[in-house]
Amino acid sequence: MAMTPNQTVRPWGLSRMAPHCSVAPLEYATVTFDPETQLTHFHDAGGAIVDMQRGTVTTSQGGSDGSANSPKVADDSND
Amino acid sequence: MPPTPTTVLVVTSLIDETANTVIRVLIEREVRVVRVDPADIGTALTFSAHIGNGRDSWGGRLLTPSRDVSLEEIGATYYRRPSPWRSDAADEQVRQFVITEARHGLRGLLRTLPNCRYVNHPAATEGADFKVAQLQVAVRAGMKIPETLVTNDLDAARKFALEHEHIIYKSFRGVPPGAGCQVGAIWTQRISADDLNGSLSVTAHLFQKEIQKTADARVTVVGRKVFASRITAPDGALDWRRGDWRELIHEPIEVPEAIREALYTYLAHFGLEFGCFDFAIEESRAGEIWTFIECNPNGQWGWLPDCDAIAHAFADVLLEGWWP
């Protein structure tokens with residue numbers, strides 16, 4: 001019954017993957033660092049400050065925290 | 001005499017807005033903040049540290065374009081989410097060398113600072129990151145957990161599925177980024193014995209008895225402070241991360257005293273100052289039943305209604321015992 005494990009077998013868990021979830025565009029274009037306060041500020045393409053506080057959801061592909069809200073990447077390390 | 005600590009070191013990336021929230025509070029408390037992203041090692045981050053010749057702990061300096069700090073001045077480290085290590089070397093061998101040496105030399109130092117509180121210590125975070133460890137520590141701390149099977153054995157998984165009316169599958173870590181910009185997701189989902197097959201054998205899989213929950217709770221513990229929200233999704237989703245986070249309903253919820261004590265025990269076991277706990281809540285005649293689902297030792301909380309109070313709790317824990 002059991003299959004012979006080999007490198008071509010796609011693990012069962014991946015068969016449970018949602019086809020893909022679209023990655024929302026980042027809500028900011030650039031990040032600047034304020035040397036005085038050590039805070040960072042998020043700016044849109046026009047250079048205006050983006051408020052990253054709650055109420056915004058940023059979906060990012062990375063493992064880092066791009067906003068006050070967690071990225072919607074389904075890796076538990078991000079929750 | 002060692003210098004009096006004056007500084008909180010914040011180890012994280014530039015794009016970490018949650019760290020900004022804590023830094024704002026630290027500025028209010030008039031403590032010096034040094035923000036460092038270890039991946040900047042190079043001209044943007046220079047360090048030197050020495051030990052021996054009469055010294056039994058590391059001394060030295062950390063230099064960024066905006067700060068120059070002595071290691072002994074660092075009273076606390078807020079270890080958040082540094083960028084992945086990087087190297088612009090084209091050659092893979094060189095790249096790996098650069099990264100590995102930096103990890104051991106710089107990261108090793110940042111987790112060995114002599115007079116420093118850590119929130120959380122990265123070693124504690126690493127140890128607490130394994131769901132397999134979490135479940136055992138949770139149940140031993142007195143919390144209810146879902147009956148769980150971890151296996152790569154098809155027969156064991158089938159048997160588990162047949163023994164329970166509903167079981168769920170969830171991945172340990174999610175799906176790594178694939179080619180292009182597609183992001184896959186494995187949401188916590190109900191599965192049946194018929195769904196299973198031999199392709200289970202190539203890796204580890206986690207199955208749990210499904211909890212008939214009516215809500216989730218997110219409990220954020222920082223030091224002794226406990227912040228809890230009942231979270232309900234408009235569609236009653238099994239995995240609330242799946243929907244639009246803006247549509248989630250957060251309500252304050254009281255954490256039962258026994259759970260609160262178990263959370264302190266849990267954190268103490270792993271040496272954590274902070275953890276984000278997820279619970280499933282079932283209604284019963286006797287009241288609410290709380291089931292431990294998992295704890296993220298480096299979890300997110302910036303989206304919670306208690307965000308500001310949590311940031312203050314982080315400052316309290318970071319400054320405890322050395323800053324007025």
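Among B:109, B:71, B:135, which is within 14 Å of another protein chain (Cβ to nearest Cβ), open to solvent by less than 60 Å² (accessible area, probe 1.4 Å) and more than 22 Å from residue B:18 (Cβ to Cβ)?
Numbers: B:109 fails: within 14 Å of another protein chain (Cβ to nearest Cβ); B:71 fails: within 14 Å of another protein chain (Cβ to nearest Cβ).
Only one candidate qualifies: B:135.
Would you mind telling me which numbered condition in (1) outside any strand (DSSP E or B); (2) over 21 Å from residue B:129 (Cα atoms); (3) touching a strand residue (DSSP E or B) at 6+ places or on another chain (Cβ under 8 Å); (4) of a type outside the set (A, V, I, L, M) residue B:264 fails?
Here residue B:264 clears every test but (2).
Restricting to region B:217-252, name every residue that is out of contact with any Ser or Thr (no Cβ under 9 Å at 6 or more places or on another chain) and open to solvent by less than 10 Å² (accessible area, probe 1.4 Å).
Within region B:217-252, B:221, B:222, B:231 qualify.
Evaluate the following for residue B:259: is it in contact with a Ser or Thr (Cβ under 7 Å, 6 or more places away or on another chain) and of a type in the set (A, V, I, L, M)? Give the derivation first.
Details: in contact with a Ser or Thr (Cβ under 7 Å, 6 or more places away or on another chain): no; of a type in the set (A, V, I, L, M): yes.
So residue B:259 does not fit the description; no.
Across region A:18-38, what is the number of residues that are open to solvent by less than 50 Å² (accessible area, probe 1.4 Å), in a loop (DSSP other than H, G, I, E, B) and modelled with pLDDT of 80 or more?
Qualifying residue count for the region: 4.
Could you pull out the residue among B:27, B:51 that is open to solvent by 50 Å² or more (accessible area, probe 1.4 Å) and in a helix (DSSP H, G or I)?
Result of the check over B:27, B:51: B:27.
Are there any pairs with C-beta distances below 6 angstrom linking a residue in region B:156-177 that is open to solvent by 90 Å² or more (accessible area, probe 1.4 Å) to a residue that is not in a strand (DSSP E or B), with the two at least 6 apart or on different chains, and if so which?
B:162/B:193; B:173/A:75; B:177/A:61
In region B:6-25, is there at least one residue being of a type in the set (A, V, I, L, M, F, W, C), more than 21 Å from the chain's Cα centre (by Cα) and facing chain A (nearest Cβ under 9 Å)?
Within region B:6-25 (the criterion being of a type in the set (A, V, I, L, M, F, W, C), more than 21 Å from the chain's Cα centre (by Cα) and facing chain A (nearest Cβ under 9 Å)), the answer is no, since none of the residues qualifies.
So, residue B:102, is that one surrounded by fewer than 18 Cβ atoms within 10 Å (Cβ to Cβ), among the small types (Gly, Ala, Ser) and more than 13 Å from every other protein chain (Cβ to nearest Cβ) or not? Write out each step before concluding.
Values: surrounded by fewer than 18 Cβ atoms within 10 Å (Cβ to Cβ): no; among the small types (Gly, Ala, Ser): yes; more than 13 Å from every other protein chain (Cβ to nearest Cβ): yes.
No; evaluated as a whole, the condition is false for this residue.
For region B:1-20, give me each residue that is among the polar types (S, T, N, Q) and either open to solvent by 10 Å² or more (accessible area, probe 1.4 Å) or under 21 Å from residue B:114 (Cα atoms) (or both).
B:4, B:6, B:7, B:12
Mind counting the residues in region B:180-212 that are away from chain A (no Cβ under 11 Å), within 29 Å of the chain's Cα centre (by Cα) and surrounded by fewer than 20 Cβ atoms within 10 Å (Cβ to Cβ)?
Residues of region B:180-212 away from chain A (no Cβ under 11 Å): B:192-194, B:208-212.
Filter once more, so that each one left must be within 29 Å of the chain's Cα centre (by Cα): B:208-212.
Narrowing the set further to residues that are surrounded by fewer than 20 Cβ atoms within 10 Å (Cβ to Cβ) leaves B:209-210, B:212.
Within region B:180-212, residues that are away from chain A (no Cβ under 11 Å), within 29 Å of the chain's Cα centre (by Cα) and surrounded by fewer than 20 Cβ atoms within 10 Å (Cβ to Cβ) number 3.
How many residues, within region B:301-315, are open to solvent by 10 Å² or more (accessible area, probe 1.4 Å), more than 11 Å from chain A (Cβ to nearest Cβ) and over 11 Å from residue B:26 (Cβ atoms)?
Going residue by residue through region B:301-315, those that are open to solvent by 10 Å² or more (accessible area, probe 1.4 Å) are B:303, B:305-306, B:308-309, B:312.
After this cut, where a residue has to be more than 11 Å from chain A (Cβ to nearest Cβ) as well, the list is B:309, B:312.
Then keep just the ones that are over 11 Å from residue B:26 (Cβ atoms); that gives B:309.
The number of residues fulfilling the criteria is 1.
The rows are residues; the columns are (1) modelled with pLDDT of 95 or more; (2) assigned to a helix (DSSP H, G or I).
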position: B:78; (1), (2): yes, no
position: B:83; (1), (2): yes, no
position: B:89; (1), (2): no, no
position: B:93; (1), (2): yes, yes
position: B:101; (1), (2): yes, yes
position: B:104; (1), (2): yes, yes
position: B:114; (1), (2): no, no
position: B:133; (1), (2): yes, yes
position: B:139; (1), (2): yes, yes
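Test of understanding: among B:94, B:25, which residue is of a type outside the set (D, E, K, R) and under 30 Å from residue A:50 (Cβ atoms)?
Working: B:94 fails: under 30 Å from residue A:50 (Cβ atoms).
Exactly one of B:94, B:25 is of a type outside the set (D, E, K, R) and under 30 Å from residue A:50 (Cβ atoms), namely B:25.
The values are calculated or read from the model by the stated rules, or taken from the named source; none is laboratory data. In this text, all values refer to a predicted model and were calculated from it rather than measured experimentally. Please note: Cβ atoms are built from the backbone with ideal geometry, for glycine as well, and neighbour counts cover all protein chains shown. Note: areas computed on protein heavy atoms with side chains; ligands, DNA, RNA excluded. Shrake-Rupley method; radii C 1.70, N 1.55, O 1.52, S 1.80 Å.
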